[in-house]
Every structure is written in C-alpha cells, then in structure tokens.
Number of protein chains: 2
Amino acid sequence: MNREIVVEKLTAEKFKKFGDVVEPKDNPLLINQNKCERHNDIAFLQVSDCGHVGVSIFSSEKYTLPFQLLLMERHPLGSQCFIPMSGEPFLVIVSADKDGCPDRPFAFITNGKQGVNYKQNIWHSVLTPLSENTLFTVIDRIGPGKNVEEYIFDQPWLVRSLL
Amino acid sequence: MNREIVVEKLTAEKFKKFGDVVEPKDNPLLINQNKCERHNDIAFLQVSDCGHVGVSIFSSEKYTLPFQLLLMERHPLGSQCFIPMSGEPFLVIVSADKDGCPDRPFAFITNGKQGVNYKQNIWHSVLTPLSENTLFTVIDRIGPGKNVEEYIFDQPWLVRSLL
C-alpha cells in the first residue's frame, strides 16, 4: 500500500465526519452595537462519565514536513478542541476507525484562523504545529477514568505537502 | 472624581478577583513523548440554569487608545472566556460591583499570549481588541434566559495608556 499522505487544505466540509472546524461562519449575530460578530456555538463539546469541560494550554515542539507518522490516539470519553493562539497554520491528522484501529489517515493544514474540535473517539495524531513557540488553547474533558487510547502503526506514514 | 483610567499590564495576580488569566503556568504536565506541555484546567467555567458550555468566535472592530468607556456588562448565568487567535494584545476592562453598579474600572493590556475568563457576574467592557481583523474564541454559557445586564455610566471614563 502507498504509505504517503498528501496534506490538503482544511475545510468544514471535508472535516465534518471527524468534528468541527472552529472558524467564522455565515450569518453571525451582530452584538455590541453592531461592532462585533458572534459566530455562535460552533463546536459540539462532548463530555462523558463525570468529567467537566476544561480549558488548558498546550505548548508543543514544532514539526517539519515531510514527517513520519507512527502514532494516533483517540479519547473515548469526550471531544477535544484545539484553538491556535498565534495565527499560525498547523497540521490536523485524522483517521476513520476500521475494526478498532485507525484507517488510512487524512492530513489537513489550517489557514491560521481555524481551530478544530475532534469528536469523541475520533482517531487523530498528537498536536502538530508547524511553527515554533505556538500556544494552543485546548477545550476538552477533564475528569476521572482512562480517556486516551493509542495506536502505533506497523510502518510509518509519510506526511508531505504539495501546497 | 478623576475619570481617567490608565492601562496596566495584565497579570494573574492583579486579575484574580475578576477571573482567570489563560496563559502558561508553572509545572505543566509533559505529554506526547515530552514534546508538549499541558497547562491543565486553568479557567474556572461556570454555567447556571440549564445552559451548556459553548464555543463561539467573536470578530470585533478595532478600538484605539485613548477611548471613552461608557458601557459595562455582566453575565449573571455564567463565566465568559476570551481566547485571542492572532497573538495580538487586547484590552481587558473590569470593575468590582458596588451596590449593583460597576465601581471604578481597571483596564489591563494582555501580552499577546494571554486570554481571560471573567467570572460569572463580573462587570466588564465589551470586547476591545487593539488590532484589525483579530478573531477570538469565546467559551461561555449558551442557553435560555437573560444572561446579560448592561450599565451605562453618566459620564465616560477615559481609558489611556502610558505604556
């Protein structure tokens, strides 16, 4: 099997089976004497089993394309939302599930003004920023119980960009 | 009374009675093979009366210093968290309550890597970015009922910077 994954531009349409793209939508509410647009309630947060929705900051090392993808993970007890705080694009890598394992991954690149919200139990890679010193606000379930499952591929996928 | 408010640099210590500063903290968890720091659960989200925690995007006109502050608002049914997505500083203006009205305001400027979470029922100004085209992710209560109270000062406060 071809083990190369070519990065695509992220769109809500391509991403919808994996979760939400957190970006401005059509038809915002106008608030604050019409000085501000409110794009309302655009991520579906999921929290199971006595957890609460929490806000955290992630600060990750930079990744460089092309790179070898070996590990995917998923969170059986809740969604996980990543909001970039620096206006920089980052990589978003997801897979459908196939018999309890991640199927062939898809790799997307954001436009710098997009966050993502992974649905509960969707396979995704760890956070993969493409710039140094980027912070992400993460909105996910915090609580008791095991909320991560990891999968390591037998062979790596090569994630590369033609953009 | 002197109606001038001088902008101060935002710190968690100065802000604690109004809410949380969403920024990296000491002693993060190391995750993802130690490639990522997780600063865990750093905003206290409050949701009353059948609401849910929602994620929205605000896109506001730019404000310029000095400016005249006339209006404050507060949300009796939940906290409200603002995460800048563009790495740009913004103004954060808050007041203690005095007999049901906002007392003399405090004005803070963020360092570009800070968000804020206003506690339930804390008086604050509307969103006041200092740059064009900045997006903010907002995490607040969404649900039925009246969740905003506004107050208009008899005379404006002049918010200015010496920084």
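The values are calculated or read from the model by the stated rules, or taken from the named source; none is laboratory data. No experiment lies behind these values; they were computed from the predicted model shown. Here the Cβ is made from the backbone with ideal geometry for all residues, glycine too, and neighbour counts use every protein chain on show. The accessibility values were calculated without ligands, DNA or RNA, using every heavy atom of the protein model including side chains. Shrake-Rupley method; radii C 1.70, N 1.55, O 1.52, S 1.80 Å.
Conditions tested, residue by residue: (1) crowded, with 20+ Cβ neighbours inside 10 Å; (2) on the phi > 0 side of the Ramachandran plot; (3) aliphatic (A, V, I, L, M).
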| site | (1), (2), (3) |
| --- | --- |
| A:G19 | yes, yes, no |
| A:I31 | no, no, yes |
| A:D41 | no, yes, no |
| A:L45 | yes, no, yes |
| A:K98 | no, no, no |
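Within the group A:K146, A:K113, which residue is open to solvent by 30 Å² or more (accessible area, probe 1.4 Å) and either more than 28 Å from B:V21 (Cβ to Cβ) or polar (S, T, N, Q) (or both)? Walk me through how you get there before you give the answer.
Values: A:K113 fails: either more than 28 Å from B:V21 (Cβ to Cβ) or polar (S, T, N, Q) (or both).
The conditions single out A:K146.
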Polar (S, T, N, Q), within 12 Å of chain A (Cβ to nearest Cβ) and either touching a residue at least 12 places away in the same chain (Cβ under 8 Å) or open to solvent by less than 10 Å² (accessible area, probe 1.4 Å) (or both) - does that describe any residue in the range B:62-77? no
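May I ask you to say which residue of A:D140, A:D103 is under 19 Å from B:K35 (Cβ atoms) and open to solvent by 10 Å² or more (accessible area, probe 1.4 Å)?
Working: A:D103 fails: under 19 Å from B:K35 (Cβ atoms).
Checking each option against the conditions leaves just A:D140.
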Looking at the range B:80-142, what strands (runs of 3 or more DSSP E) fall wholly within it and have at least 3 residues that are at pLDDT 95 or above and within 8 Å of another protein chain (Cβ to nearest Cβ)? B:80-84, B:135-142
Candidates A:E8, A:E23 - the one that is in contact with a strand residue (DSSP E or B) (Cβ under 9 Å, 6 or more places away or on another chain) and either within 13 Å of another protein chain (Cβ to nearest Cβ) or without any contact (Cβ under 8 Å) to a residue 60 or more places away in the chain (or both): A:E23
Only one of (1) in contact with a Pro (Cβ under 7 Å, 6 or more places away or on another chain); (2) within 14 Å of chain A (Cβ to nearest Cβ); (3) in contact (Cβ under 8 Å) with a residue 60 or more places away in the chain does not apply to B:F58, and that is (1)
Where the second residue is open to solvent by 20 Å² or more (accessible area, probe 1.4 Å) and assigned to a strand (DSSP E or B) and the first is in contact (Cβ under 8 Å) with a residue 12 or more places away in the chain and of a type in the set (S, T, N, Q) and lies in the range B:132-153, which pairs have Cβ atoms under 9 Å and are six or more apart or on separate chains? B:N133/B:S59; B:N133/B:S86; B:T134/B:S59; B:T134/B:S86
Suppose we keep only residues that are part of a loop (DSSP other than H, G, I, E, B) and either of a type in the set (F, W, Y) or under 14 Å from A:K146 (Cα atoms) (or both) within the range A:37-53. Which one would you say is nearest to the other protein chains (Cβ to nearest Cβ)? A:F44
Could you please let me know if A:R3 is more than 11 Å from every other protein chain (Cβ to nearest Cβ) and either surrounded by 20 or more Cβ atoms within 10 Å (Cβ to Cβ) or of a type in the set (S, T, Y) (or both)? no
Taking the range A:1-31 as the region of interest, how many residues are at pLDDT below 95 and of a type outside the set (D, E, K, R)? 3
Positions within the range A:82-92 being crowded, with 23+ Cβ neighbours inside 10 Å and touching a residue at least 60 places away in the same chain (Cβ under 8 Å), in sequence order: A:I83, A:V92
